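What follows is a set of notes on a single structure, which appears directly below.
Every number here is computed from the coordinates shown, using simple stated rules; none is lab data. Small disclaimer: the values here were computed from a predicted structure and weren't measured. In this analysis, Cβ positions are derived from the backbone assuming ideal geometry, glycine residues included, and neighbour counts consider all displayed protein chains.
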Amino acid sequence: MAGRIGLDPGHGGSDPGAVAPDGLQEKEVTLAVALLAAGFLSQAGIEVVLSRKEDVDVSLAERAALFNRAGVDLVASLHVNSSENPRADYLSTYILGPGGRAERAAGILQRELVLALGWPDGGVRQANFYILRETEAPAVLVEMGFLSNPRQAQALREGKVRRALGLALARGMALYLGVDPAGFSSAGDIAGHWAEAAIRRCLELGLMHGYPDGTFRPDNFATRAELAVTLVNLLDKVKAGHL
């Protein structure tokens with residue numbers, strides 16, 4: 001196997017986590033996204049250890065102990081935030097402290113999530129969360145937007161948004177492990193297009209990404225924002241010596 005990831009869908013069972021104004025529960029979103037991410041990772045030959053695969057109670061101690069026994073390379077705990085301010089809408093990734101492998105993983109995951117969703121970047125933050133403190137492997141805790149924000153709560157009900165989150169998380173974890181995530185980008189609507197080979201090469205190099213619904217829309221005009229993202233990706237690759 002290419003590596004082993006510990007995926008922790010937050011809450012579950014009698015603990016719903018945050019609840020949106022329309023009733024959507026955090027535990028449902030975290031499990032759905034975790035299962036999608038696990039599927040993508042398995043396709044790349046990466047082993048996944050899930051703290052739960054269904055709507056059941058699992059204590060924090062049980063979660064940490066499971067990952068420690070399994071000897072995973074990285075732990076990612078998935079959550080959705082909530083705030084008294086209904087306009088709060090950023091993505092953020094938490095680590096216990098700076099300077100280690102967890103910080104590197106968090107930076108990669110945060111970048112992939114922001115690129116995939118286009119939601120505001122809340123950055124990498126520090127917190128003394130149990131799962132970050134008690135796991136032997138590097139650990140991150142991802143907050144996938146805000147259920148208290150009506151717009152994001154509605155988006156998190158949608159299959160295409162959950163798929164985008166799962167794909168972004170899988171890409172980030174694969175990159176952290178040094179596994180090429182190019183195979184995750186299906187973009188099925190480019191098959192037979194006159195520029196298919198060029199588009200696939202851009203996807204493989206990480207210069208461009210498809211849309212959250214799995215399409216690429218090759219005949220759409222690019223916005224200035226999309227062009228800027230592509231140019232920054234190209235610059236980052238050149239600076240890193242990957243091109």
TODO: Provide VAL232, VAL19 in ascending order of the number of other Cβ atoms located within 10 Å of each residue's Cβ, fewest first.
DONE: VAL232, VAL19
- [ ] Using only Cα atoms, find the angle between the long axis of helix 196-205 and the longest principal axis of the chain, and express it within 0 to 90 degrees, rounded to the nearest 10.
- [x] 40 degrees
Task: Gaussian network model of the chain, springs between alpha carbon atoms under 10 Å - residue of TYR90, TYR130, TYR176 with greatest fluctuation - done: TYR130
Task: Of ILE46, ILE95, ILE190, the one that fluctuates the most in a GNM where the chain has Cα springs shorter than 10 Å - done: ILE190
Open item on the list: Give me, ordered by chain and number, the residues 5 or more places off ILE5 or on other chains with an amide H under 5 Å from its own placed amide H.
Closed with: GLU47, VAL48, VAL49, ASP73
TODO: Using only Cα atoms, locate the centre of the stretch 70-135 and the centre of the stretch 9-38, then give the distance between them in Å, rounded to an integer.
DONE: 16 Å
TODO: For a footprinting-style exposure proxy, rank SER77, SER83, SER148 by other Cβ within 10 Å, fewest first.
DONE: SER83, SER148, SER77
TODO: For n ≥ 4 DSSP H runs only, could you compute -39500 (n - 2.57) per run for the chain, divide by its residues and tell me the 222 nm figure to the nearest 500?
DONE: -13000 deg cm²/dmol
Open item on the list: Taking the alpha-carbon distance from LYS53 and a cut-off under 18 Å, which lysines remain once sequence neighbours fewer than 8 residues away in the same chain are dropped?
Closed with: LYS27
Open item on the list: Which residue fluctuates most in the GNM of the chain (Cα springs below 10 Å): ALA174, ALA88, ALA191?
Closed with: ALA191
Task: Residues PHE67, PHE221, PHE129, PHE40 arranged by fewest to most Cβ contacts within 10 Å - done: PHE221, PHE129, PHE40, PHE67
- [ ] Report, to the nearest 10°, how far helix 60-70 tilts away from the longest principal axis of the Cα atoms in the chain, using its own Cα long axis and a range of 0 to 90°.
- [x] 60 degrees
Open item on the list: Can you give me the angle between helix 159-177 and the longest principal axis of the chain, using Cα atoms only, in degrees from 0 to 90, rounded to the nearest 10?
Closed with: 90 degrees
